[in-house]
Amino acid sequence: MPNRLRIPFCPPVQLCLSAGRGARRHVRAAHCLQVGAANLKLQGMRAVVQRVSRAQVTVDGEITGRIGRGMLVLLGVGSSDTEADAEYLADKIAGLRIFEDENGKMNLAIADAGGEVLAVSQFTLYGDVRRGKRPSFDGAAPPQRARELYEIFVERIRAFGLICETGRFQEMMQVELVNEGPVTILLDSGKSF
């Protein structure tokens with residue numbers, strides 16, 4: 001069976017074009033690919049960022065990563081992701097102003113707040129349950145490629161001078177955290193949310 005291009009569902013959009021003398025002609029786009037198709041990226045590297053007071057990852061009873069105040073980043077790598085996607089998310093997360101300043105406003109980046117990062121690979125962020133109840137992970141990158149991009153992400157975070165602890169790639173992990181706020185941000189390099 002040939003590989004099929006999977007396109008996420010986008011609701012139809014209505015475009016109104018002037019047809020002269022105040023009349024309007026409506027053009028209905030049946031799918032989002034018809035609008036801006038040249039710039040559409042079907043997937044992007046995904047991250048769930050949680051502001052934490054502490055977090056840790058345990059594998060087979062051994063703590064592999066532990067942080068105090070900072071961010072827990074669950075990172076999912078998609079099949080079409082590149083180094084640019086990993087660098088974009090690392091840059092975005094390092095600059096994300098989700099820590100409170102002296103006035104109680106979310107205005108400080110992680111470095112300003114003296115925080116640390118715990119980065120955990122999580123291919124299940126690509127779980128697709130639009131058809132049925134059992135997730136499909138077809139959109140996730142193959143393990144070797146996902147590992148490469150995950151490591152690029154971690155190195156880029158460390159290049160900002162941040163402490164970045166990690167879980168273990170392709171291992172069953174127990175992730176514990178205390179979400180502070182709670183503050184949880186969804187990011188993706190394709191900028192769809």
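Residues being touching a Phe, Trp or Tyr at 6+ places or on another chain (Cβ under 6 Å), hydrophobic (A, V, I, L, M, F, W, C) and farther than 18 Å from Val49 by Cβ: count how many of those fall in segment 135-193. Even if it seems obvious, please write down each step before you answer.
At the first step, the residues of segment 135-193 found to be touching a Phe, Trp or Tyr at 6+ places or on another chain (Cβ under 6 Å) are 137, 139-140, 147, 186, 189.
Those left that are additionally hydrophobic (A, V, I, L, M, F, W, C): 137, 140, 186.
Right, trim to farther than 18 Å from Val49 by Cβ and you get 137, 140.
Selection size over segment 135-193: 2.
Residues are listed down the side, and each one gets a yes or a no for (1) touching a Phe, Trp or Tyr at 6+ places or on another chain (Cβ under 8 Å); (2) assigned to a helix (DSSP H, G or I); (3) free of Cβ contacts under 8 Å to residues at least 12 places away in the same chain; (4) of a type in the set (Ser, Thr, Tyr):
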{"position": "Ala47", "(1), (2), (3), (4)": "no, no, no, no"}
{"position": "Thr58", "(1), (2), (3), (4)": "no, no, no, yes"}
{"position": "Asp81", "(1), (2), (3), (4)": "no, no, no, no"}
{"position": "Ala84", "(1), (2), (3), (4)": "no, yes, no, no"}
{"position": "Leu89", "(1), (2), (3), (4)": "yes, yes, no, no"}
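In segment 60-76, which residue that is touching a strand residue (DSSP E or B) at 6+ places or on another chain (Cβ under 7 Å) and assigned to a loop (DSSP other than H, G, I, E, B) is nearest to Asp188 (Cα to Cα)?
Within segment 60-76, the subset touching a strand residue (DSSP E or B) at 6+ places or on another chain (Cβ under 7 Å) is 63-76.
Checking which are assigned to a loop (DSSP other than H, G, I, E, B) leaves us with 68-69.
On the way: Gly68: 25, Arg69: 23 Å.
Residue satisfying both the conditions and the ranking: Arg69.
Checking each residue in segment 136-171 for being among the aromatic types (Phe, Trp, Tyr) and either under 12 Å from Glu116 (Cβ atoms) or under 15 Å from the mean Cα position of the chain (by Cα) (or both) picks out Tyr150, Phe153, Phe160.
Quickly run through segment 164-179 and pick out the residues that are acidic (Asp, Glu) and crowded, with 16+ Cβ neighbours inside 10 Å. Walk me through it before giving the result.
We begin by selecting, within segment 164-179, every residue acidic (Asp, Glu); these are 165, 171, 176.
Correct list: Glu165 only.
The residues in segment 138-163 that are exposed (fewer than 13 other Cβ atoms within 10 Å of the Cβ) and of a type outside the set (Asp, Glu) can be counted, and the count is 3.
Throughout, read-outs are computed from the coordinates displayed, never taken from laboratory work. These numbers come from a predicted model, not from an experiment. Cβ: placed from backbone, ideal geometry, glycine included. Neighbour counts: every protein chain shown.
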